[in-house]
């Protein structure tokens, strides 16, 4: 039980990963998006993974384009095309938001998953 | 008004007459038979006959309605999918004709739109053009002007045809539900693809013969010409008419699961909303080569490949290395049905490079090529995504997939 309590939380939404971190890294740039922020985009169908922006929810970005979120109120991660992935409610916390990788056997490289 | 049956062995007609005079709201019916049982049976038969008659009338009316609206429905579907027959010049003239007839002739409108529009002809069917889903459709512009003429036409139809009710006709849409969002209907001021209720005007004018005033007729004559294009939009900020031209060939087939269209030599193929390569579209499922999976880059297209070929056919070439069943405490992995499957049987050989990085033309087969097999919990579609050959367990695979995060330090709360 104690071991479970020590574990950080993680949510997976399609190819997006939202992982809890202890603190925001230094040198981040604040993002001022309104209503919602895009965390991943589809190449083919105009779908996007988005997180709702509201009071108590802040976003930051590092030099490599990795997003971070600090929220004191719950928010939601959802798809514009709701049929693609169900909405997940994200509780309060500090999070790193990143995208999944896969291994491409033709090029022998690790590449970002393209949706 | 109710039907009241008089069953009485003594002078039922006199009773009926007397009661009818006192109570004119209801209908008093005299039944001739004297035996109560016979009377009740007769009563029941009368009610049944009435029900049968009502049902027959309803079916006759429906058949009659269907006969009347069938030409209209056939026209809509035929018009939507017919090949393009307008040149670019004719499409430009269509937009300029609107400007000349309905803006230049009105001083107030001319102040708002002093210049003739630029024309942008689009040879592509794009989902939700010209806006992405989350941006509100722009208001005003030519759509507003067209709306005024159409409202006037509605009033004239109502005057001529007393039974005209908006939404009275069955809803029609040449684009089946899955493709409903293919063309943005929020702000188009012309074209054959409209909201279903817009087609009702077409029915009453062109098929019921409703007459219009001269001004409305001039507008309607122009409006009908726009049925030779897919849709027309106006961008006020750039003073541009965007017109989606009809494809040279366009079909939605296989129970609405596949779409194909062509502009000139440029063909595009879709499984519902996902654009796929031609070979995936045309090749029958049983002739697909599992190795072709590797030719695909996009995860959605890969999923369509897996869906078409059948995940069983693909996975049968593999060997399960690790599975969610080995981690009974991990509920989230069970929901996504995570497995590592070694697919080296279908992975083609790679060119081996020497220590200087030079390709010496030697091919080397993979001895181990793991893929992460998982289920999208929302859609039920299975995905196969490559993972690095050093991954031997699900922990390794998910760590690699998520940028080296040690999954054992995390409690996965939800996967969607």
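Since every read-out is calculated from the coordinates, none of them should be taken as a lab result. Not measured: the values here are computed from a predicted model. As a convention, Cβ positions derive from the backbone with ideal geometry for all residues, glycine included, and neighbour counts pool all protein chains shown.
Miscellaneous remarks
- Percent RCO, i.e. relative contact order, over chain A, from Cα pairs under 8 Å lying at least 6 residues apart: 26
- Shielding by other protein chains, B:399-411, mean Cβ within 10 Å: 5
- With all pairs of different C-alpha atoms in the average, the Kirkwood value for the hydrodynamic radius of segment B:82-245 is 16.7 Å.
- Put in order of Cβ neighbour count within 10 Å, fewest first, the listed residues B:306, B:315 become B:315, B:306.
- Binning the alpha carbon pair distances of the protein assembly as shown at 10 angstrom intervals from zero yields the distribution 3, 13, 18, 17, 16, 13, 10, 6, 3, 1, 0, 0, 0, expressed in whole percent.
- Ranking of B:60, B:393 by count of other Cβ atoms within 10 Å, fewest first: B:60, B:393
- Residue by residue along A:103-110, Cβ atoms of other protein chains within 10 Å of the local Cβ number 6 on average.
- Overall, the ratio between the Cα radius of gyration of chain B and 2.2 N^0.38 Å, rounded to two decimals, is 1.55.
- Its Cα gyration tensor gives segment B:57-134 an equivalent ellipsoid. The semi-axes, each the square root of 5 times an eigenvalue, are 37, 20, 15 Å from largest down.
- Computed over segment B:18-108, Kirkwood Rh from alpha-carbon pairs, angstrom: 20.4
- Degrees separating the helix B:142-160 axis from the principal Cα axis of chain B, which is the longest one: 30
- Helix B:299-309 and the longest principal axis of the C-alpha atoms of chain B enclose an angle of approximately 80°.
- With neighbour counts taken as other beta-carbon atoms within 10 Å, the residues B:66, B:337, B:304 rank, fewest first, as B:66, B:337, B:304.
- The Cα trace of segment B:151-286 gives Rg and Dmax of 18.3, 61 Å, the first to one decimal, the second as a whole number.
- Averaged over A:75-81, number of beta-carbon atoms from partner chains that fall within 10 Å: 2
- Folded to 0 to 90 degrees: helix B:214-225 orientation relative to chain B principal axis, Cα: 30
- In chain A the Cα-Cα distances spread across 5 Å bins starting at 0 as 2, 10, 20, 22, 20, 13, 8, 4, 1, 0 percent of all pairs.
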